[in-house]
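Working notes, structure below.
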Amino acid sequence: LKSTDLVAVRVNGSLSIVGRVMAVGEQRETVCFNDHLIRIRLDSSMLDSEYAALACSSRKAREYIERVATTTAGQYTVNQGMISALPLPIPTLAVQR
C-alpha cells in the first residue's frame, strides 16, 4: 500500500459497513491487506486521498453503495467496478485540501 491509496471494505455481513473507505496515510512499516479489502490507487493529480475518503462517506455515496451491493449467504459484497463508479464530486485539489 502507498500513503495515497484508499482501502474499501469488499465484503461484510453488515450493509452499513460494506463499501466503507479509508485513506491509508503514511505508514512506518510495510502494510499488507487481506482479501476482504479493495485497494484503490488514486490519480493524485486529481484526487486527494483524505478528501476522497471523506467524499466516499457522504450520504449520496453510501446510498449508491447500499443500492449496488450484492448479497449471498448473508454477506454483502462490492467490487472494484462498483467502487470506481461512486458518484463523487471532484473539485480542484486546492478545494479538496
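Can you give the helix-only mean residue ellipticity at 222 nm for the chain, where every DSSP H stretch with n ≥ 4 adds -39500 (n - 2.57) and the sum goes over all residues, rounded to the nearest 500 deg cm²/dmol? Could you put the intermediate results ahead of the total?
Details: 4 runs with 26 residues, N = 97.
Computed ellipticity for the chain at 222 nm equals -6500 deg cm²/dmol.
Quick check: pseudo-label points 7 Å beyond the Cα along Cα→Cβ at ASP43 and VAL31, how many nm apart are they?
2.3 nm
With +1 on each Lys and Arg Cβ and -1 on each Asp and Glu Cβ, and nothing else charged, work out how big the dipole of the chain is about its Cα centre, in Debye to the nearest 20.
Numbers: 11 positive and 9 negative charges, 38 e Å.
Taking the Cα centre of the chain as origin, the dipole is about 180 debye.
For a quick check of understanding: with a 1.4 angstrom probe and all protein chains in place, what accessible area in square angstrom does LEU54 have, to the nearest ten?
It works out to around 120 Å².
Once you have a ≥ b ≥ c as the square roots of the Cα gyration tensor eigenvalues for region 39-97, tell me rounded if a/c is under 1.5, and otherwise prolate or oblate according to whether a/b is larger than b/c.
Working: a/c = 3.06, a/b = 2.10, b/c = 1.45.
Because a/c hits 1.5 or more and a/b exceeds b/c, region 39-97 counts as prolate.
Mind listing the phi-derived Karplus ³J(HN,Hα) values for region 20-25, rounded to whole Hz, using 6.51, -1.76 and 1.60 with θ = phi - 60°, and x for any glycine or proline?
Computed from phi, the couplings for region 20-25 are 5, 10, 9, 7, 6, x Hz.
The values are calculated or read from the model by the stated rules, or taken from the named source; none is laboratory data. Treat the numbers as computed from the prediction; the structure is a model and nothing was measured. Please note: Cβ atoms are built from the backbone with ideal geometry, for glycine as well, and neighbour counts cover all protein chains shown. Protein only, heavy atoms only, side chains kept; ligands, DNA and RNA dropped before computing areas. Shrake-Rupley method; radii C 1.70, N 1.55, O 1.52, S 1.80 Å.
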